[in-house]
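Read the figures in this text as sums done on the coordinates, not as results from a lab. Predicted model, so just to flag it, every value in this text is computed and none were measured. With ideal geometry, Cβ positions are generated from the backbone for all residues, glycine too; neighbour counts draw on all protein chains shown.
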Amino acid sequence: MDRIRITGGQKLSGIIPISGAKNAALPLMIASLLTPETLTLENMPRLADVRQLNRILSNHGVDHAVDGKRPGDAPHTGETVHFSARNIVDTTAPYELVSKMRASFWVLAPLLARMGEAKVSLPGGCAIGTRPVDFLLMALERLGAQIKIENGYVIASAAKGLVGGVIDFPKITVGGTHTALMAAVMARGDTMILNAACEPEVVDLANCLIAMGARIRGAGTPVIEVEGVTSLHGARHAVLPDRIETGTYAMAVAMTGGDVLLEGARADLLGSALEMIAESGSDISIEDNGVRIRSHGGDIEPVDVSTDPFPGFPTDLQAQFMALMTRANGVSHITETIFENRFMHVQELARLGAKIRLDGDTAIIEGQPQLTGAPVMATDLRASVSLVIAGLAAKGDTTVHRVYHLDRGFERLEEKLGACGAQIERVSDPG
């Protein structure tokens, strides 16, 4: 099994290209089920989750083709992938596929919208909380779907098609909003989605659906209106840059020191996260081709944050910000409001010398002048990269085990960091 080995203490300097967003790419891929024509997605990241979703979509009859390299393409240029769901051959998404990645559960909505039926296994994914699917199923029922759960599968039907309605989410849910959009675009009549998620990935999906012929207003606000159409056509759409990758590398520079251009990054996608990084003492500037961050790597100021839906501080950057705060000159507090089990990285950061105390949904971090390298174990995708960040700033060697979590959401992480001066390498066990 692969692991990442880091010798800490190196400042970062250079350019890190930001890949397409995983959290946008996955629902966009699933949207290909809505049309028999070809959906072309540009700036697709090369990630384990993307490969896994391709296998799931192939099970339904979706073909995909990847464009070859073009002259002048940089090593990290995103892929252009063509998805064709001309014929849906199977409306069942089996447990052995869906259990490996939670987002694959979202195939339920487009299969139901286009085929009138779907049977999808209840999902798996990172062990960071219960993340129930109740809201997703409620959204489909509001549009006339009949839902039952048998033997670990959701069985949904709408023999006469879905019908527009009002979906009022009791809590903001990104997955629920994705589901509602993909179900409503071909429902008869109008649909209103209330308390909708405002995340950039929701806007990206809506923009792609509009390019495919959907009629959507209000994406990016709490109220989204959808006027159903009878069919969607093919389109070409570029995946937006990954705001979580952007924030992660920005925090790495803030912690180690240096001067790095995050090429292709968009500051408007980060919400309050860039403000929190700047408040901790880093210099952030917006440039024509990305976001630049400069830091001395010392004099990190303690900052209190609470995770919230966009434009608040994203839960997917909470572990990384905690790593940064372990070196702050004082005490900081991080409150996790989205997922109840998302502090599993705390005990691993403690192995590097961090002093962190938990009080319910709040972590109290007492900043230390120095962390020390140690072997650590990744527990989920974002926790794993927080350990990489901490290792980059720690004295001595750090080895991060279970890096398959990293491969789910970070493209060529060790190459990107290594090109900026980090002493980092991937080590594979023989055989």
Seminar exercise, completed: Residues ILE6, ILE155 in order from fewest to most other beta-carbon atoms within 10 Å are ILE155, ILE6
Problem set entry | On Cα atoms only, tilt of 174-184 relative to the major axis of the chain in degrees | 20
For this session: Please build a GNM for the chain, connecting alpha carbons under 10 Å apart, and tell me which residue among ILE244, ILE293, ILE147 fluctuates the most.
Result: ILE147
Exercise. Could you give the angle, 0 to 90 degrees to the nearest 10, between helix 48-60's Cα long axis and the longest principal axis of the Cα atoms of the chain?
Worked result: 10
For this session: Determine the relative contact order of segment 22-236: mean sequence separation of Cα pairs under 8 Å and six or more apart, normalised by residue count, in whole percent.
Result: 20
Exercise. If you take the beta carbon distance between SER231 and LYS355 as r and set R0 to 60 Å, what does 1/(1 + (r/R0)^6) give as a FRET efficiency, to the nearest 0.05?
Worked result: 0.55
Exercise. For the chain, what is the calculated [θ] at 222 nm in deg cm²/dmol (nearest 500), taking -39500 (n - 2.57) for each run of four or more DSSP H residues and dividing by its residue count?
Worked result: -8500 deg cm²/dmol
For this session: Decide, for segment 22-236, between rounded, prolate and oblate: order the square roots of the alpha carbon gyration tensor eigenvalues as a ≥ b ≥ c, take rounded if a/c falls under 1.5, and otherwise choose prolate if a/b is larger than b/c, else oblate.
Result: rounded
Seminar exercise, completed: Taking trypsin sites (Lys or Arg not before Pro) in a DSSP loop with at most 12 other Cβ atoms within 10 angstrom as exposed, one finds the longest site-free stretch of the chain at 172-431
Exercise. Which FRET efficiency, nearest 0.05, do SER272 and SER58 yield, Cβ-Cβ r, R0 51 Å?
Worked result: 0.85
Problem set entry | Listed pairs LYS395/LYS416; LYS22/LYS160; LYS22/LYS355; LYS69/LYS100; LYS355/LYS395 exceeding 28 Å between Cα atoms | LYS22/LYS160; LYS22/LYS355; LYS69/LYS100
Problem set entry | Ranked list, fewest to most other Cβ atoms within 10 Å of each Cβ, for HIS405, HIS345, HIS233 | HIS233, HIS405, HIS345
Exercise. What nm distance separates the two modelled labels at ASP90 and GLU366, each placed 7 Å from Cα along Cα→Cβ?
Worked result: 5.6
Seminar exercise, completed: Longest principal axis of the chain (C-alpha) makes with the long axis of helix 200-211 (C-alpha) an angle, in degrees to the nearest 10, of 40
